[in-house]
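What follows is one structure encoded as structure tokens, with my remarks underneath.
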Amino acid sequence: MMRSQLIVGNWKMNGSGPDLREAQAISAGLAGSTVRVGICPPTTLIERLAELARGTSLEVGGQDCRAETSGAFTGDVSAEMLADAGATLVILGHSERRAGYRETSELVSTKVLAALRAGLEPIICVGETLDQRNSGNALGIVTEQVAKSLPPELAGKAFSLAYEPVWAIGTGLTATTVQIEEMHRTIRESLIGIFGDQGLKPPILYGGSVKPNNAAEILSAAEVGGALVGGASLNAADFLGIIQAR
Ligand code: PGA
């Protein structure tokens, strides 16, 4: 099945006003591209980035949201607030949130519902730790994350998965093509198991140390529908190098 690739930059807690120059250059470099490209900057930059991206193909997203619409949740942001600021995408269940804030797949599922409620397209992250991979249980761990993080309400909705082995994030290590294809095939089978034929549609992104020099190989692997890019998305030349890699 042909799907357009989706390549999303996750700026994490990096960037302030002057760094929007990089986003401007990324947006300018997208003219004529058939790849869908998004940037998820820190929350403080969403509105400014959305303004800059208006009229271009660059999509804008948040990096997390709270499940509730509003209330006494100091420091948190709701899906509706992200949409109000101009976001159309939201990353959910990133391993840095699963590890640092003890987010469970059940909680991630409630955030996915919030994203749908607000009209945001969720990018749902899954991935195993190094211990889990070394114990031979990576496929089982990720299959369970997929099953528990995806509410049935996603049926027929636009969303994507991102497989990010925790040991490959920010480390310079990447999974081998064999590991990536095995995991992506397993995730695709889970999606078909949950959603039937509709499970063929969502792109499954790979994330973890994607760089211009490894992007072509990763993006052409079977069932890889794009990439979730951290460090290399902060620099326009690097991010465009990944986008143009195939
Ligand atoms: P990285 O981050 O590309 O810097 O490894 C990927 C991610 O955490 O989404």
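The values are calculated or read from the model by the stated rules, or taken from the named source; none is laboratory data. Owing to the predicted nature of the structure, the values given are computational and were not obtained by experimental measurement. Virtual Cβ from ideal backbone geometry, glycine too; neighbours counted across all protein chains shown.
Remarks
- Test: residue in segment 136-143 that is buried (at least 16 other Cβ atoms within 10 Å of the Cβ), touching a Leu at 6+ places or on another chain (Cβ under 7 Å) and either under 18 Å from L6 (Cα atoms) or not charged (D, E, K, R) (or both): no
- Residue within segment 212-220 that is surrounded by 21 or more Cβ atoms within 10 Å (Cβ to Cβ), within 18 Å of I91 (Cβ to Cβ) and within 16 Å of the ligand (Cβ to nearest atom) present: no
- The single residue among S4, S16 that is closer than 18 Å to Y206 by Cα and surrounded by fewer than 18 Cβ atoms within 10 Å (Cβ to Cβ) turns out to be S4.
- For the residues G136, G172, the requirement of being within 19 Å of G230 (Cα to Cα) and among the small types (G, A, S) singles out G172.
- Looking across segment 151-189, the residues that are in a helix (DSSP H, G or I), farther than 30 Å from A67 by Cβ and of a type in the set (A, V, I, L, M) come down to V178, I180.
- Residue check for P165: of a type outside the set (V, I, T), within 14 Å of the ligand (Cβ to nearest atom) and more than 17 Å from G93 (Cα to Cα): no
- Residues of segment 195-206 that are in contact (Cβ under 8 Å) with a residue 60 or more places away in the chain and either within 16 Å of the ligand (Cβ to nearest atom) or part of a helix (DSSP H, G or I) (or both): L200, P203, L205.
- Segment 171-201, subset modelled with pLDDT under 95 and not β-branched (V, I, T), residue nearest to P151 (Cα to Cα): A175
- Hey, I243 closer than 20 Å to S160 by Cα, more than 14 Å from the chain's Cα centre (by Cα), buried (at least 21 other Cβ atoms within 10 Å of the Cβ) and modelled with pLDDT of 95 or more or not: yes
One line per residue, one yes/no per condition, for (1) within 19 Å of L6 (Cβ to Cβ); (2) crowded, with 21+ Cβ neighbours inside 10 Å; (3) within 16 Å of the ligand (Cβ to nearest atom); (4) without any contact (Cβ under 8 Å) to a residue 40 or more places away in the chain:
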{"residue": "G170", "(1), (2), (3), (4)": "no, no, yes, no"}
{"residue": "M183", "(1), (2), (3), (4)": "yes, yes, yes, no"}
{"residue": "G193", "(1), (2), (3), (4)": "no, no, no, yes"}
{"residue": "G208", "(1), (2), (3), (4)": "yes, yes, yes, no"}
{"residue": "A222", "(1), (2), (3), (4)": "yes, no, no, no"}
{"residue": "A227", "(1), (2), (3), (4)": "yes, yes, yes, no"}
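- Residue selected from segment 69-124 under the condition touching a residue at least 60 places away in the same chain (Cβ under 8 Å), aliphatic (A, V, I, L, M) and crowded, with 19+ Cβ neighbours inside 10 Å, by the criterion nearest to the ligand (Cβ to nearest atom): I91
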